[in-house]
Amino acid sequence: HRVHVLDDQLAKQKLAAEQQATASARAQQVLDVLTAPSAKRVLLTAAKAKPEPTGRAVYLADNGGLVFQANDLGQLAENKTYELWVIPADGKAPIPAGLFRPDPAGSASVVLPPLPKGVPAKAFGVTIEKAEGSAAPTAPIILVGAVPAAGE
């Protein structure tokens with residue numbers, strides 16, 4: 001009888017070990033997929049929803065260097081254009097940082113526009129302006145992004 005009880009316990013432990021090995025192998029497969037350099041990362045959105053416009057700016061105040069990339073922008077009439085603005089941290093007037101029009105896919109960029117050196121930015125904004133641009137932003141601001149505080 002004791003041998004039979006021990007055989008049952010051994011069978012249960014063997015089954016638990018097999019289940020643990022299967023779970024471990026699956027976890028390793030998930031980790032391999034998530035960390036593979038060749039894995040493709042895809043953002044899915046509502047099937048018929050129009051993507052919202054986005055923009056990313058990289059700014060180096062010391063030398064006035066700015067690289068801006070926008071996606072999913074709408075097309076504009078011929079007499080209109082998008083304008084990028086630097087909003088200074090010192091509260092002074094926004095600085096125009098370039099005019100741009102998106103390609104047919106809605107992408108556009110502004111790379112190293114002529115900007116004054118040493119102007120810390122509080123934020124960046126994009127407006128729709130007349131084709132020749134504007135001396136001051138015209139409402140509404142289409143895209144806006146605050147500069148993160150130091151350490152963020």
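Report, by residue number, each residue of the stretch 1-56 that is modelled with pLDDT of 85 or more and small (Gly, Ala, Ser).
Scanning the stretch 1-56 gives Ala11, Ala16, Ala17, Ala21, Ala23, Ser24, Ala25, Ala27, Gly55.
If Asn63 satisfies every condition in (1) loosely packed, with under 10 Cβ neighbours inside 10 Å; (2) within 30 Å of Ala108 (Cβ to Cβ) but one, which is the exception?
Here Asn63 clears every test but (1).
Count, please, the residues in the stretch 1-59 that happen to be open to solvent by less than 100 Å² (accessible area, probe 1.4 Å), touching a strand residue (DSSP E or B) at 6+ places or on another chain (Cβ under 6 Å) and among the β-branched types (Val, Ile, Thr).
1
Could you list all residues from the stretch 75-92 that are loosely packed, with under 14 Cβ neighbours inside 10 Å and in contact with a strand residue (DSSP E or B) (Cβ under 9 Å, 6 or more places away or on another chain)?
Asn79, Lys80, Ala89, Asp90, Gly91
Can you tell which of Leu143, Leu112 is open to solvent by 60 Å² or more (accessible area, probe 1.4 Å) and touching a residue at least 40 places away in the same chain (Cβ under 8 Å)?
Going through Leu143, Leu112 in turn, just one is open to solvent by 60 Å² or more (accessible area, probe 1.4 Å) and touching a residue at least 40 places away in the same chain (Cβ under 8 Å): Leu112.
The values are calculated or read from the model by the stated rules, or taken from the named source; none is laboratory data. Only a predicted model underlies this, so the values are computations on that prediction, with no experimental measurement involved. As a convention, Cβ positions derive from the backbone with ideal geometry for all residues, glycine included, and neighbour counts pool all protein chains shown. Please note that ligands, DNA and RNA were not included when accessible areas were found on the heavy atoms of the full protein model with its side chains. Shrake-Rupley method; radii C 1.70, N 1.55, O 1.52, S 1.80 Å.
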